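The structure appears right after this line, and notes come after that.
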Amino acid sequence: MMRAKKRSVLSLGGLFVLVALALCPTALAAGEASAGGSPFYNTFWAFLPPVVAILLALVTKEAYSSLFIGILIGAMLHCNFAPVDTLDTVIGDGLVTAIGDNAGIFLFLVILGAIVALVNAAGGSAAFGRWAEKNIRTRVGAMLATFVLGILIFIDDYFNCLTVGSVMRPVTDGHRISRAKLAYLIDATAAPVCMIAPVSSWAAAVSGVAANLDTGVSGIQLFVQAIPFNFYSLLTFVFIIGMAVLGLDYGPMKRHEELARESGELGALDSVDNEAGNPKGRVMDLVLPVVVLITFCVVGMIYVGGFWGANRWTADSYAGDFIGSFGNTDAFVGLPWGAIVALVLTIAYVVGRRLIRFQDAMACIPKGFIAMVPPITILTLAVSLKTMTGFLGADVFVEGVMKGASQGLYSLLPAVIFVVACLLAFASGTSWGTFGILIPIVTAIFPAGSTLLTVGISACLAGAVCGDHCSPISDTTIMASAGAQCDHVQHVSTQLPYAVTVAAVSFVSYIIAGFVPNVFVALPVAVGLMVVTLLVIKARVAKG
């Protein structure tokens, strides 16, 4: 049976490649050549690589080969199926460039893995688990505590995913909450909370995109005005609270939760957090390193952003301007900057407390690296796939579609923008790239200073978060899997029905907001629709 299944999987992957090859003449006849000569540029073919990768991942339950096949197809289309050029593109423009461009976040992942290993070896995680067992006595409390911690860490989504996962794994494990559910809770708070927090790396990114556009207000003002209309982010919070309180699970997640409750099979990956650690560890041995990590990561980000004047990473200075320095920062430099300081202080702390020897502390560094190899590998492949999609002009194709839609669907346009942003973020795996493409288009469609402009910007941002939340190739989705230490494809397949449910309610809410662009009407109606949807699903699950 296993051999037959493997043969069918390989046949399916081969079939996708053959279909792409077979359809090549059609595209050659109809497509417009790019500057590089590819006839697939600025056509719907630009979305073939991510679609193939996503479908293969969901069918095969295996991410590495699925992503690589998507990269290969993208490079073939970009290079007109020239073998040598295709290989050069995959390796040089794809994998090598992805590693170089993301070296900072890879370093942050390794350092964070080492800190987690140190805290576990010192007994801090076990002590926190014992404390949580006494003070967080229900599954509902464990889920809501995870949600609240995710809300509190709003600075950056990468940092949110990995920190919340490291802290809350002992708590959710103790209450037999599956790692798939933990990954969903992490993922469902990370990007949404960053997208409604004025002081976050996401707010800085949106403000930067909108800074030089004709919107009638500054970039950060536009971001703040859009928060109440960001239905997907806000309704996701309503969904999480309702799901926890009602004890609601459906789709693939229900099966994993039942297995966790009945047999204790959580679906955890083998990692450094399986160690018992020093029995003399205290809760403070986990809390203090986490607080130090958060503090110095924030300091690192504003330092790199120029809070204390210009530095080697930027020529600009935002001396004393906290918001401005966040807008100017580079998280790929700021996060490792703070994390390495936190690592040194954590080593000094656990060794000074005589919880572990210095030699054992040093041994935690390669352990942390080993624990982070899967997310680093998936992130490298996902970024390479995004590069191929960019080479094929997916952004140009979407811009043309949006401008065409704006001519006849004015009041319905916020809902259309939401759907387009969802699809683009899902296929490309990037929220920032999505709103970077769509915000200039939205500002060109709606009058500057109008409420519909605010609603349109909100729909763009909400759709970007939604598509990013659903996508297997999204950085945040990968980080959530790493934070929960669960299988990545399992995380994607279990959270997809939940995300689609919130997306459907958000779509209806944007239709309403397009005709009644009043937040005091649209937002309460959206929340009411979400609550009613949860109750209806609860009733159907109880019957079935």
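Miscellaneous remarks
- Accessible-area order (highest first, 1.4 angstrom probe) of the listed residues Trp202, Trp131, Trp337, Trp45: Trp131, Trp337, Trp45, Trp202
- In the full protein context, the chain carries 40 Å² of accessible surface per residue, based on a 1.4 Å probe and ignoring ligands, DNA and RNA.
- Using the average count of surrounding beta-carbon atoms within 10 Å as a protection proxy, the listed peptides 191-198, 360-367 rank, highest first, as 191-198, 360-367.
- Only protein heavy atoms count here; on that basis, with a 1.4 Å probe, Val96 has an accessible area of about 90 Å².
- Between Leu58 and Lys538, the contour length at 0.36 nm per residue exceeds the Cα-Cα span by 170.2 nm.
- Only protein heavy atoms count here; on that basis, with a 1.4 Å probe, Tyr64 has an accessible area of about 90 Å².
- The simple spin-label model puts a point 7 Å past each Cα toward its Cβ; for Ser411 and Lys134 those points are separated by 6.1 nm.
- Of the residues Val206, Val292, ranked by 1.4 Å probe accessible area with the largest first, the sequence reads Val292, Val206.
- Placing dummy labels 7 Å off each Cα toward the beta-carbon, the span from Val224 to Thr97 is 3.8 nm.
- Packing-based ranking, highest mean first, of 433-442, 381-390, 132-141 given that Cβ atoms within 10 Å are counted: 381-390, 433-442, 132-141
- Taking θ as phi - 60° and the Karplus parameters 6.51, -1.76 and 1.60, the scalar couplings of region 423-435 work out to 5, 5, 5, 5, 6, 8, x, 9, 6, 5, x, 5, 6 Hz in sequence order, x denoting glycine and proline.
- Flagged links, alpha-carbon separation over 19 Å, of Lys181/Lys280; Lys61/Lys543; Lys181/Lys538; Lys134/Lys538; Lys181/Lys254: Lys181/Lys280; Lys61/Lys543; Lys134/Lys538
- Estimated FRET transfer efficiency (Asp360, Val291; beta-carbon r; R0 22 Å; 0.05): 0.45
- Principal-axis analysis of the Cα atoms of the chain puts helix 179-195 at an angle of about 60° to the longest axis.
- For the chain, relative contact order (Cα pairs under 8 Å, six or more residues apart, normalised by length) works out to 23 percent.
- Seen against the Cα atoms of the chain and their longest principal axis, helix 331-352 is set at about 10 degrees.
- Gain in span if fully extended, Val245 to Ser450, counting 0.36 nm per residue against the direct Cα distance: 70.0 nm
- Val521-Val500 FRET efficiency (beta carbon distance; Förster radius 25 Å; 0.05 resolution): 0.50
- Rolling a 1.4 Å probe over the protein chains gives Phe369 an accessible area of about 100 Å².
- In the chain, the longest principal axis of the Cα atoms and the axis of helix 373-391 are about 10 degrees apart.
The values are calculated or read from the model by the stated rules, or taken from the named source; none is laboratory data. Everything numeric here is computed off the predicted structure, so don't read it as measured data. So basically every Cβ, Gly included, is an ideal-geometry build from the backbone, and we count neighbours across all protein chains shown. The area values use the complete protein model at the heavy-atom level, side chains included, leaving out ligands, DNA and RNA. Shrake-Rupley method; radii C 1.70, N 1.55, O 1.52, S 1.80 Å.
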